[in-house]
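Working notes for the structure below.
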Amino acid sequence: MSDTRPTGEPSIRTIAMPADTNANGDIFGGWLMGQMDLAAGNVARHRARGRVATVAVDSMTFLRPVKVGDEVSLYATITHVGRSSMRIAVEAWRRPTPGDMAKVTEATFVFVAIGADGRPRPVESEG
């Protein structure tokens, strides 16, 4: 993951709202992490062609605050697919004004494909 502008389309785009602030008036990190989990989960679900569960979050780093009213775009990329698991790199970018973007955080999420019995299942091959 880098500080260069992301390529492709975001997995999720949302607006940071006043209800999502912490005691300092910045957007709560837990809200942002939840949005990142949703973006990664969406990508994982499509790749696994079914139900997935978050099993780990690695290396989350907050770089800049998100302010109320910022447009937040989340870019999720699969970096590894194992037998039943997937690693997904997620970058969150804020756009306080048109044309101005800054990366605010990044993390790696690990998902496992889940079968009807609630147990891990193999990730289906692409095709």
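The GluC sites (Glu not before Pro) of the stretch 37-127 that meet both conditions, a loop assignment by DSSP and at most 12 other Cβ atoms within 10 Å of the site Cβ, are GLU124, GLU126. Each residue of the stretch 99-111 is assigned a 3J(HN,Hα), and the resulting list reads x, 10, 10, 8, 6, 10, 6, 8, 6, 10, 10, 10, 10 Hz, derived from the Karplus form 6.51 cos²θ - 1.76 cosθ + 1.60 (θ = phi - 60°), x at Gly and Pro. Computed 3J(HN,Hα) for the stretch 27-40, one whole-Hz value per residue from the Karplus formula 6.51 cos²θ - 1.76 cosθ + 1.60 where θ = phi - 60°, is 5, 4, x, x, 5, 5, 5, x, 5, 5, 5, 4, 5, 5, glycine and proline marked x. In this calculation the C-beta distance from VAL55 to ASN22 is compared with R0 = 30 Å, giving a FRET efficiency of 0.65.
Taking every pair of Cα atoms in the chain, average 1/r, invert it to obtain the Kirkwood radius, and report Rg/Rh to two decimals. Working shown, then result.
Numbers: Rg = 15.3 Å, Rh = 15.1 Å.
Using only Cα positions, Rg/Rh for the chain is 1.01.
Take every Cα pair under 8 Å whose residues are at least 6 apart in sequence, average their separation, divide by the length of the chain, and the relative contact order is 29 percent.
With one equal scatterer per alpha carbon and no solvent term, the Debye-computed log10 I(q)/I(0) for the stretch 1-40 at 0.18, 0.22, 0.25 1/Å reads -0.63, -0.84, -0.94.
Couplings for the stretch 121-126, taken from phi via the Karplus curve 6.51 cos²θ - 1.76 cosθ + 1.60 with θ = phi - 60°, read 9, x, 6, 5, 6, 6 Hz in order; Gly and Pro are left as x.
Just to verify a number: FRET efficiency for PHE62 and ASP117, C-beta to C-beta distance, R0 = 35 Å, to 0.05? Don't skip to the end; give the middle numbers.
Values: r = 37 Å, r/R0 = 1.07.
The value I calculate is 0.40.
Close amide H partners of ILE114, meaning residues 5 or more places away or on another chain with modelled amide H under 5 Å apart, are ARG51, VAL52, ALA53, ARG121. Residues whose amide H falls under 5 Å from that of VAL66, counting only those 5 or more places apart or on a different chain, are ILE27, with hydrogens built in the peptide plane.
Bear in mind that the values in this text are calculations on the coordinates, not laboratory data. Since the structure is predicted, the reported quantities are computational estimates derived from the model, not experimental observations. Cβ atoms come from the backbone with ideal geometry, glycine included; neighbour counts cover every protein chain shown.
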